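Below is one structure, written out as structure tokens, with a few remarks after it.
The values are calculated or read from the model by the stated rules, or taken from the named source; none is laboratory data. It should be emphasised that the depicted structure is a prediction, and the values quoted were computed from it without experimental measurement. FYI the Cβ positions are ideal-geometry reconstructions off the backbone, even for glycines, and counts take in every protein chain you see. All accessible areas refer to the heavy atoms of the entire protein, side chains included, with ligands and DNA or RNA removed. Shrake-Rupley method; radii C 1.70, N 1.55, O 1.52, S 1.80 Å.
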Amino acid sequence: MAKKKQNKAKSKVKAAAKKSARKVTKLASAKKGNGNGSHLPKASNKPWGKAGKALEGVKILDFTHVQSGPTCTQLLAWFGADVIKVERPGVGDITRGQLVDVKGADSLYFTMLNHNKRSITVDSKHPQGMRVLEALVKTCDVLVENFAPGALDRMGLTWERINKLNPRMIVASVKGFGPGPYEDCKVYENVAQCAGGAASTTGFREGPPLVTGAQIGDSGTGLHLALGIVSALFQRNRTGRGQKVLCAMQDGVLNLCRVKLRDQQRLKAGPLTEYSQYGENVPFGPTVPRAGNDSGGGQPGWILKCKGWETDPDAYIYFITQAPVWGPICDIIGEPTWKTDPEYATPRARLPKLKAIFRRIEDWTMTKTKFEVMEACNAVDIPVGPILSMKEIAEEPSLRKTGTVVEVDHPTRGKYLTVGNPIKLSDSISDVRRSPLLGEHTDEILKDVLKFSAKDIAEIKNSGALSAPKKEEKAA
Ligand code: COA
């Protein structure tokens, strides 16, 4: 009997020793990494695209609305994050009902900015709503918001409170302006384009400032914010703590207008010779002028008419007279003597005559469609860009093939086209799933993500925190 006990004790010690040896080996190998000096795990041998998505496991409390914030969280969702969109009961993101084209269905404005997300409705101003929000804060990795300045604090979700509830949480915000005189202002796309330097440098010299069709204020800032979030997640791996990430729309637009701040400083050294106003002998003032369709780089460019321009508003091509291909340009337009004529042979000699040169090139482009110009020029490495209409882009087979333009089916609106993830990762392939209906995932989030009991769920639901106020309450 005693021997039996002894043996048992011996095998227990052996097992413990084995276990601790295993632990040591594990630690040692973690320290050494995978043997190549790095601390990364061993390379997966799963087929490309089958090793999960880039941001798998990351949970986002998506408190965004309209365009800037939703652009950011949609990107994160495409990279595999679980994006839980919190919306106001009964109303949801205001864009659901803006620019409606199919009666009773979510607008394209909403659906095209909220793919691959889940939706939960929560009244943040209701105590039971705050209970749900606090549970989300404790569970999620990142809170993303683009409310007007102060709105999150007014809800009671200050940085201090969030940080106390979950020190690992990253709080990412889009605001119109950074700290300064305009920090309290509400801001939309075109306000940002104007305040960030885009409008003053866009358009023709003789005309007023212009905003651009590209949503550089909203979607541009959303993109910036996504990079900030991913960087903060990366840093958290080292520090173990979250941080605030702020992208002001003015800053985002200015970042995209960097070349114009470059030109502002170059003005001190003399006129901007690549701007066509230089060739036209129009003096420069104290600030960067609007440059029409001049190229932003050192290679002169302009938009030229192509065959059919009289009736087709997009029968144009962007033509760049890049210096290294000046010879082929002269040949293709039928001016071979310009290759050696000192009046045309060098970029410096051409600068004062750019307008006339582009007129001559246009005589040639007008004899061809924009696609024929594209083909002829690219064959000899002359950079040109056809002005593609949205209709042409929507119908372009190569964009469908790459998933940049995708057809999505939606239960209430039917099939529609959208822009898929423009960033392609070879081991994290994005699929585009339709946007959620308002509150579609409320139950599963309460149960599966937040692990509330059936009793708690009933209590929260009965409180009215997740549903639209009844009509009489609204009127009161
Ligand atoms: N439950 C209860 N209340 C909610 C809620 C919810 N789930 N979600 C939002 N709200 C409330 C907010 O608490 C806020 O209330 P308060 O002002 O009483 O504190 C209110 O909704 C409105 O939020 P706000 O952000 O001010 O919306 P808005 O429609 O008046 O302004 C913007 C819209 C876009 C101008 C503004 O949000 C903004 O400037 N955002 C930052 C810049 C930005 O992203 N602009 C581009 C948008 S594409």
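Data overview
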quantity: Any helices (runs of 4 or more DSSP H) falling wholly within the stretch 175-268 and containing at least 1 residues that are among the hydrophobic types (A, V, I, L, M, F, W, C) and touching a helix residue (DSSP H, G or I) at 6+ places or on another chain (Cβ under 6 Å); calculated: 189-195, 218-239, 249-256
quantity: Odd one out for Leu354 among (1) modelled with pLDDT of 95 or more; (2) closer than 18 Å to Asp294 by Cβ; (3) hydrophobic (A, V, I, L, M, F, W, C); calculated: (1)
quantity: Selected residue (criterion: nearest to the ligand (Cβ to nearest atom)) from residues of the stretch 64-73 that are open to solvent by 10 Å² or more (accessible area, probe 1.4 Å) and in contact with a Gly (Cβ under 8 Å, 6 or more places away or on another chain); calculated: Gln67
quantity: Of residues in the stretch 127-142 being open to solvent by 10 Å² or more (accessible area, probe 1.4 Å) and in contact with a helix residue (DSSP H, G or I) (Cβ under 9 Å, 6 or more places away or on another chain), the one nearest to the ligand (Cβ to nearest atom); calculated: Met130
quantity: Some residue of the stretch 346-355 being outside any helix (DSSP H, G or I) and surrounded by fewer than 16 Cβ atoms within 10 Å (Cβ to Cβ); calculated: yes
quantity: Hits in the stretch 252-296 - residues which are without any contact (Cβ under 8 Å) to a residue 24 or more places away in the chain and under 33 Å from the mean Cα position of the chain (by Cα); calculated: Arg258, Arg262, Gln265, Arg266, Leu267, Leu272, Tyr275, Asp294
quantity: Of all residues making up the stretch 375-431, the number that are open to solvent by less than 30 Å² (accessible area, probe 1.4 Å) and among the hydroxyl-bearing types (Ser, Thr, Tyr); calculated: 4
quantity: The stretch 143-161: number of residues that are of a type in the set (A, V, I, L, M, F, W, C), in contact (Cβ under 8 Å) with a residue 60 or more places away in the chain and more than 7 Å from the ligand (Cβ to nearest atom); calculated: 4
quantity: Qualifying residue in the stretch 85-108 (condition: touching a residue at least 40 places away in the same chain (Cβ under 8 Å), more than 10 Å from the ligand (Cβ to nearest atom) and under 17 Å from Ser219 (Cα atoms)); calculated: yes
quantity: Some residue of the stretch 277-299 being basic (Lys, Arg), open to solvent by 30 Å² or more (accessible area, probe 1.4 Å) and assigned to a helix (DSSP H, G or I); calculated: no
quantity: Residue count, the stretch 300-320 (criterion: β-branched (Val, Ile, Thr) and either closer than 24 Å to Gln250 by Cα or open to solvent by 50 Å² or more (accessible area, probe 1.4 Å) (or both)); calculated: 1
quantity: Which numbered condition Ala214 misses (of (1) buried (at least 17 other Cβ atoms within 10 Å of the Cβ); (2) within 15 Å of the ligand (Cβ to nearest atom); (3) among the aliphatic types (A, V, I, L, M)); calculated: (1)
quantity: Where a residue in the stretch 405-417 is on the phi > 0 side of the Ramachandran plot and its partner, wherever it lies, is open to solvent by 20 Å² or more (accessible area, probe 1.4 Å) and assigned to a strand (DSSP E or B), with Cβ under 7 Å and at least six apart; calculated: none
quantity: Conditions (1) open to solvent by 20 Å² or more (accessible area, probe 1.4 Å); (2) away from the ligand (no atom under 13 Å from the Cβ): number failed by Ile229; calculated: (1)
